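The values are calculated or read from the model by the stated rules, or taken from the named source; none is laboratory data. Model, not experiment: these values are computed from the prediction. Here the Cβ is made from the backbone with ideal geometry for all residues, glycine too, and neighbour counts use every protein chain on show.
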Amino acid sequence: MQAAVRTLRPVPNPPGELETLFRAHHDRVFRTAHRITGSAADAEDVLQTIFLRLLKSQNTLDLSPNPEAYLSRAAINASLDLMRGRTRSKSVRLEDADAGAIESTTKNPEAEHVDRELQKLIREAVARLGTTAADMFVLRYYEGYENHEIAKLLGTSHLVVGVVLHRARTKLRKEIGHYLEQHHK
């Protein structure tokens, strides 16, 4: 193993600005992606995708106004795209089928299964929302932003955020309502 380390050469001019951006924001991007996808592997893929896109567009993209807002939206959009793609392909990865199997020792296996299924249904339903509604929903309920903060991040009014979130919640209630009626009586 040490022989392999000796053969590595340092990168002559590492991308300083992008590296600084990565160090400052990679935790937030990963957490956002993980909350949406429910998978650490998917969150890592999203993180990599975002920063590879930034590397490719480094000379044409200006993040200086608000890098946090840009990266939050990028994480949400890339995660939702991943979820939408998975929903279309109807594939179930092994880690998704077994997600959270050892999260809690206090719940019985049936309750844990119901919780995992509900979380999966919510993630899939959020992925089916329109882009703006999904962005706002994730920022509010996954990231904990207040409506006025979301409005500032997305360049809209807090009233618009409130209306969009209300409609999104209504749509999600309808989509998962049947499941809730069956499993939480």
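A few remarks follow.
- The residues on offer are Ala69, Ala24, and the sole one that is touching a residue at least 24 places away in the same chain (Cβ under 8 Å) and loosely packed, with under 14 Cβ neighbours inside 10 Å is Ala24.
- A single member of Ile150, Ile122 is under 15 Å from the mean Cα position of the chain (by Cα) and either surrounded by 16 or more Cβ atoms within 10 Å (Cβ to Cβ) or assigned to a helix (DSSP H, G or I) (or both), and it is Ile122.
- A Cβ distance below 6 Å, combined with a sequence gap of six or more or placement on separate chains, defines the contacts here; from region 148-175, residues that are within 19 Å of Val126 (Cβ to Cβ) and touching a residue at least 24 places away in the same chain (Cβ under 8 Å) reach residues that are of a type in the set (Gly, Ala, Ser) and surrounded by 16 or more Cβ atoms within 10 Å (Cβ to Cβ) in the pairs Leu153/Ala69; Val161/Ala151; Val164/Ala133; Ala168/Ala133; Leu172/Ala125; Glu175/Ala125.
- Residue satisfying all of: in region 36-61; of a type in the set (Val, Ile, Thr) and under 20 Å from Thr131 (Cβ atoms); surrounded by the fewest Cβ atoms within 10 Å (Cβ to Cβ) among these: Thr49
- Conditions (1) in a helix (DSSP H, G or I); (2) at pLDDT below 85; number of the one not met by Asp42: (2)
- Qualifying residue in region 125-147 (condition: over 18 Å from Arg73 (Cα atoms), of a type in the set (Val, Ile, Thr) and in a helix (DSSP H, G or I)): no
- Residue list for region 151-185, restricted to those being more than 29 Å from Glu110 (Cα to Cα) and either in contact with a Ser or Thr (Cβ under 8 Å, 6 or more places away or on another chain) or of a type in the set (S, T, N, Q) (or both): Ala151, Leu153, Leu154, Thr156, Ser157, Val164
- Single residue of region 3-38 satisfying the filter (among the small types (Gly, Ala, Ser) and closer than 20 Å to Leu139 by Cβ) that is modelled with the lowest pLDDT: Gly38
- Contacts under 9 angstrom Cβ, first residue in region 51-65 being free of Cβ contacts under 8 Å to residues at least 12 places away in the same chain, partner hydrophobic (A, V, I, L, M, F, W, C), 6 or more apart: Leu61/Leu54
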